[in-house]
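One structure is given below, encoded as structure tokens.
The values are calculated or read from the model by the stated rules, or taken from the named source; none is laboratory data. The model shown is predicted, which means the values in this text are computed figures rather than measured ones. Counting neighbours? That spans all protein chains shown, and the Cβs are built from the backbone with ideal geometry, glycine included. Only protein heavy atoms, including side chains, enter the accessible area calculation; ligands, DNA and RNA are left aside. Shrake-Rupley method; radii C 1.70, N 1.55, O 1.52, S 1.80 Å.
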Amino acid sequence: MRDAGLVSGTSDPQPDGHHFVIAANRLPVERTADGGYRSSPGGLVRALIGLLRERQGVWVGWSGTPTAADAAPDEHTRPFTIDGLDLVPVPLDQDQLTGYYETISNGALWPLYHDAIRPSLYDDEAWDVYRGVNRAFADRIAAAAAPGALVWVHDYHLQLVPAMLRAMRPDVRIGFFLHIPFPPQELFMRLPWRDEIIEGLLGADLIGFQRSVAAENFCILSSRLLGAEAEDHTVQAADGRRVHVGPFPISIDVAEIDELARRAETDAAAEDIRNRLGRPEVVLLGVDRLDYTKGIEERLLAFQSLLRADGPLDGVRRPSRVLIQVAVPSRETVGDYMTQRERVEQLVGAINGEFATLGHPAVHYLHQSLPLHELVALYRAADVMLVTPLRDGMNLVAKEFVASRCDERGVLVLS
Ligand code: F6P
């Protein structure tokens, strides 16, 4: 996506407000080094962008770049339109990002909501920052929404927004969707700010989760913490409203993937990939954000065991089984992600040290974000797709792989 002078206007493109508003931590596009734009990382954007276009809505979110306190107004701070999408940035400075994004969202909530597979850190000062950023989002949404608009708030970064927005704009209808798991009470009770989160979410009219177990966890916790009456997928909020709660698993644009997969150039690209790999017997593939929840390290260890079971190469033969691991760069300023990257890269080196022959690695590791058409070519080139997270909300890679296999071949391995 190119800039092409599309950063237009200093005011909201629809001054009377939009009738459909999406709010998520990130805007759906981010700046590239060459001055263009590309899609922001993650399944959330891919799942929602079509709907935003269809409903001619506006998206409220962070631009992806910290804003200096004295920055001149630009696309990180003022509404703009790009490629037909109306966008309202919420400017965040470095201190806000450290408190709200790194410490609370990714240091406390993310690991706890993913079965506490890493310890969470609970920092009250950072929680104040999280609260302040949620308020900034609510302010921007309130300013962007037309009377009676439909507002859809997304993910664990913005759990206080529904109640804040309702207090400011009781006329709008509010939906909230959580893209990650919602934990059972044994884990959620560890959170110092547990009541505030449930109250924040109950500001919505409808709360959606990926799976029914998450919706059940939420209902149980609402009763336990706030004494709310919860039955038949509804929870009674403190002001007497009945809030609907349920599972609404997200998916992909199957037609888009199918069309890409059937193109002659995709066939040719898949063939070229297998040739460049040295035509191994089996191509295994993993595609994930580089996140410790995704089980990349465990997958590499499993592949190493498989190769060891095959016995040593004779020094001339090429590896008959190769693994391509695409690890999309993610949250590179967060400590656990830096450690995870080191461990994964060390393991890739160790496996290749043991099993590669000259010019033919056993693991092909790409620490890159690839465009969709290249991913589809990889899906078509693979024999085995490994989707083996330790914990996940809803893994869209599994769905993309299946949708890409218009040849009805390939094996999907799920944890
Ligand atoms: O799906 C969970 C999620 O946090 C989304 O909100 C986000 O789009 C994606 O993962 C990528 O994460 P981040 O915005 O922290 O890079």
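Structural remarks
- Once the C-beta distance of Asp124 and Glu231 is scaled by a Förster radius of 51 Å, the resulting FRET efficiency is 0.90 to the nearest 0.05.
- Between 0 and 90°, nearest 10: helix 43-55 axis offset from the chain longest Cα axis: 50
- Projecting the alpha carbon convex hull of segment 154-305 along each direction and taking the average yields 13.7 nm².
- FRET efficiency for the pair Val213 and Glu374, taken as 1/(1 + (r/R0)^6) with r the Cβ-Cβ distance and R0 = 45 Å, rounds to 0.85.
- Whole-number D in µm²/s for segment 220-289 (Stokes-Einstein; Kirkwood sum over Cα pairs; 10 °C, 1.306 mPa s): 92
- Degrees separating the helix 264-276 axis from the principal Cα axis of the chain, which is the longest one: 50
- When you restrict to C-alpha pairs under 8 Å that are six or more residues apart and normalise by the size of the chain, the relative contact order lands at 13 percent.
- Net charge of neighbours whose Cβ lies under 12 Å from the Cβ of Leu301, counting Lys and Arg as +1 and Asp and Glu as -1: +1
- Think of a 1.4 Å ball rolled over the protein heavy atoms: the chain then has 44 Å² of accessible area per residue.
- Stokes-Einstein D in µm²/s, Kirkwood radius over Cα pairs - segment 253-329 at 25 °C with 0.890 mPa s viscosity: 166
- The Rg/Rh ratio of the chain, with Rg taken over Cα atoms and Rh as the Kirkwood radius over Cα pairs, comes to 0.99.
- Computed helical MRE - 222 nm, the chain, DSSP H runs ≥ 4 contributing -39500 (n - 2.57), nearest 500: -11000 deg cm²/dmol
- Taking 7 Å steps out from each Cα toward its Cβ at Asp93 and Asn352 produces label points 4.3 nm apart.
- Note on the chain: with neighbouring protein chains present and a 1.4 Å probe, carbon and sulfur make up 52 percent of its accessible heavy-atom surface.
- Once the chain from Ile220 to Leu366 is taken as fully extended at 0.36 nm per residue, the excess over their C-alpha distance is 48.3 nm.
- Sorting the Cα pairs of segment 109-176 by distance into bins of 10 Å, from 0 upward, gives 20, 43, 25, 11, 1 percent per bin.
- Counted residue by residue at 0.36 nm each, then reduced by the alpha carbon distance between them, the extension gain from Ala238 to Ser39 reaches 67.7 nm.
- Alpha carbon Rg of segment 287-415, scaled by the compact-globule rule 2.2 N^0.38 Å: 1.07
- Angle of helix 124-144 to the longest C-alpha principal axis of the chain, folded into 0 to 90 degrees and rounded to 10: 70°.
- Seen from Asn395, the other residues with C-beta closer than 10 Å to its C-beta sum to a net charge of -1, counting Lys and Arg as +1 and Asp and Glu as -1.
- Computed over the alpha-carbon atoms, segment 148-237 gives an Rg to Rh ratio of 0.94, Rh here being the Kirkwood radius from the mean inverse distance.
- Full-stretch length increase - Ala302, Arg317 - with 0.36 nm per residue and alpha-carbon distance subtracted: 3.2 nm
- Estimated FRET transfer efficiency when R0 is 25 angstrom, pair Gln185-Glu54 (beta carbons, to 0.05): 0.10
- For the pair Arg343 and Arg78, label points projected 7 Å from Cα toward Cβ lie 4.7 nm apart.
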